[in-house]
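First up is the structure itself, then whatever we jot down about it.
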Amino acid sequence: MPDPYAARLQEARAEFDDPLAQVIPPHITVIGPTVVDRADMPSVGEHLGKIADEMPPFRVHLRGTGTFRPVSPVVFVSLAEGIAECELLEQQTRSGVLAQDLRFNYHPHVTIAHEVPDDALDRAFTEMADFEAVFDVSAIWQYEHGDDGVWRPQRSYELRGGREYLRML
C-alpha cells in the first residue's frame, strides 16, 4: 500500500485502538498466514516469482467500509476496483507449495479494526466510510511473521505480465 494511503490507514487503525496497528502494515492480503518449513522457502520464492512474472500490474480503487460482523469482529476498507485481479492472485498463489484449504471465502480488503470493542468497530465503520484511494499495484510482497508478532517484508515480486494474460483467462 503506497503512502499517503498507508500512513492514513495505519493511523486510523491506531485511532480505533487496534493492538495490531503498529505491527501489521496496511495491505490487501493475497494469501493468509501460512506456516512453511525454512527448507521450502526457496520453492515459495520460485512459486511467487512465476505468478508475478505472468500477472500484469493493475489498479486498485479503495472506497468505503465493510464488515465481517457478526462472523468476525473486523471492519475494513472495501475494494471498488481490482477485486478480480486480487482474486486471481489469491487463486494462483494458494496452489503448489502454498496450497491450503480456506476457512472463509477470499474477500480482498484492507483491515482497519480487528477484535476491538463493538463501539470501536462502529466508529471505524462510520468514520472511514468516506475513505477513498486509487493506486497501481506493480508488485506483491512476501512477509514473515516474527516471534515478536511483527510482520516484516522479506521480498517483493514485480508484476511483469502483459494484459493479454488477463484476457486469456
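The values are calculated or read from the model by the stated rules, or taken from the named source; none is laboratory data. Worth saying up front: this structure is predicted, and the values here are computed from it rather than measured. So basically every Cβ, Gly included, is an ideal-geometry build from the backbone, and we count neighbours across all protein chains shown.
Residue count for region 108-133, restricted to those that are over 21 Å from MET1 (Cβ atoms) and of a type in the set (Ser, Thr, Tyr): 1.
Counting only residues that are of a type outside the set (Gly, Ala, Ser) and touching an Asp or Glu at 6+ places or on another chain (Cβ under 8 Å), which one in region 128-148 is farthest from VAL44 (Cα to Cα)?
Step one: filter region 128-148 for residues of a type outside the set (Gly, Ala, Ser), giving 128, 130-132, 134-137, 140-145, 147-148.
Next cut, touching an Asp or Glu at 6+ places or on another chain (Cβ under 8 Å) only: 134, 137.
Values: VAL134: 30, VAL137: 21 Å.
Taking the candidates together, the pick is VAL134.
This table checks each residue for (1) under 25 Å from LYS50 (Cα atoms); (2) among the aromatic types (Phe, Trp, Tyr); (3) free of Cβ contacts under 8 Å to residues at least 24 places away in the same chain.
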position	(1), (2), (3)
LEU89	yes, no, no
ALA99	yes, no, yes
ARG103	no, no, yes
ILE112	no, no, no
GLU115	no, no, no
ALA120	no, no, no
ALA124	no, no, no
PHE131	no, yes, no
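Residues ALA129, ALA124: which one is touching a Ser or Thr at 6+ places or on another chain (Cβ under 9 Å), in a loop (DSSP other than H, G, I, E, B) and modelled with pLDDT of 95 or more? One residue alone meets the criteria, ALA129.
A count restricted to region 132-154 and to residues that are over 20 Å from ILE112 (Cα atoms), modelled with pLDDT under 95, of a type outside the set (S, T, N, Q) and in a strand (DSSP E or B) stands at 1.
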